[in-house]
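Just so you know, all these numbers are worked out from the coordinates, no wet-lab data involved. Predicted, not measured: the structure shown is a model, and the values here were computed from it. Cβ coordinates were reconstructed from backbone atoms using ideal geometry, including for glycine residues, and neighbour counts include every protein chain displayed.
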């Protein structure tokens, strides 16, 4: 796989992708550093910014967007938080998978544990979007008494989490099928334009979100099972679901009502004019405000 990414980087589309990635990276604060965490499954790129003694926050992207989707959020949070944003192994970005694949949720949990250990984080806040929110929920629900990691996550901020509190809208699944089965730039552009109601993105981020899924040598992600209400009841009590009002992944009003009914201690925030794939970038100010509120509110 290393060779596949290296070969991709030499192509015209690969150069476009990494130029866009590096362009967004250059917009991060001047104190930004990058770390490649090497483990059993490969090398994971982590981008960090903010005061080293500030409260730690881990930013987990959706599949097909990379850590650079958090650039705007990181600039704001990095003022008074220590921010760590990661690229998934096997997805677009600067992480490089090894021959050993992640095949199960136990593998994903091992990988995430290793990342937190390498960064020296015992119980950070986790802000996660889309597929990243799915994995973060599964990670937070995991209990391993042998190593005493019942509270590995301090609080969760879940940005339009799909298949966590409600099933995915069948219409969304049907519309996404072509870009899943045979991804191309044009298909990805049409799909994102449909889901985001034609919102305008930063040019570099648009390149990452269209060129990456179409051409980057990716691996099939590990998808956790949708948790039961009983399982969700063990989430950290400082959990916030930030829902996109215009999301096409699910009916956000119904998801909000379901969370309030079944898990009344989970805080719910609805962002007007946002869609599933416009988060966590657009609209910027409401996104940052929702995240900041979630990071400071008292536990239920």
(message) Sort 59-72, 159-172 by packing, meaning the average of other beta carbons within 10 Å per residue, with the highest value first.
(response) 59-72, 159-172
(request) Pop a pseudo-label 7 angstrom from the Cα along the beta-carbon direction at both residue 190 and residue 260 and give the gap in nm to one decimal. (result) 3.8 nm
(request) Can you pull the one-decimal nm distance between simple spin-label points at residue 79 and residue 36, each 7 Å off the Cα toward Cβ? (result) 3.4 nm
(request) Provide the FRET efficiency to the nearest 0.05 for the residue 285-residue 245 pair, computing r from the beta carbons and using R0 = 22 Å. (result) 0.90
(message) Please report the antiparallel percentage of the DSSP beta bridges confined to the chain, to the nearest 5.
(response) 35 percent
(request) Go ahead and collect, in residue order, the members of segment 212-233 whose backbone nitrogen is under 17 Å from a label point 7 Å along the Cα-Cβ direction of residue 180. (result) 213-214, 218-227
(message) Could you tell me the calculated FRET efficiency between residue 231 and residue 168, based on Cβ-Cβ distance and R0 = 25 angstrom, to the nearest 0.05?
(response) 0.90
(request) Hey, for a label at residue 220 modelled as a point 7 Å past Cα toward Cβ, could you say which residues of segment 175-198 have their backbone N under 13 Å away? (result) 181
(message) Can you give me the C-alpha center-to-center distance between segment 10-77 and segment 205-284, rounded to a whole angstrom?
(response) 20 Å
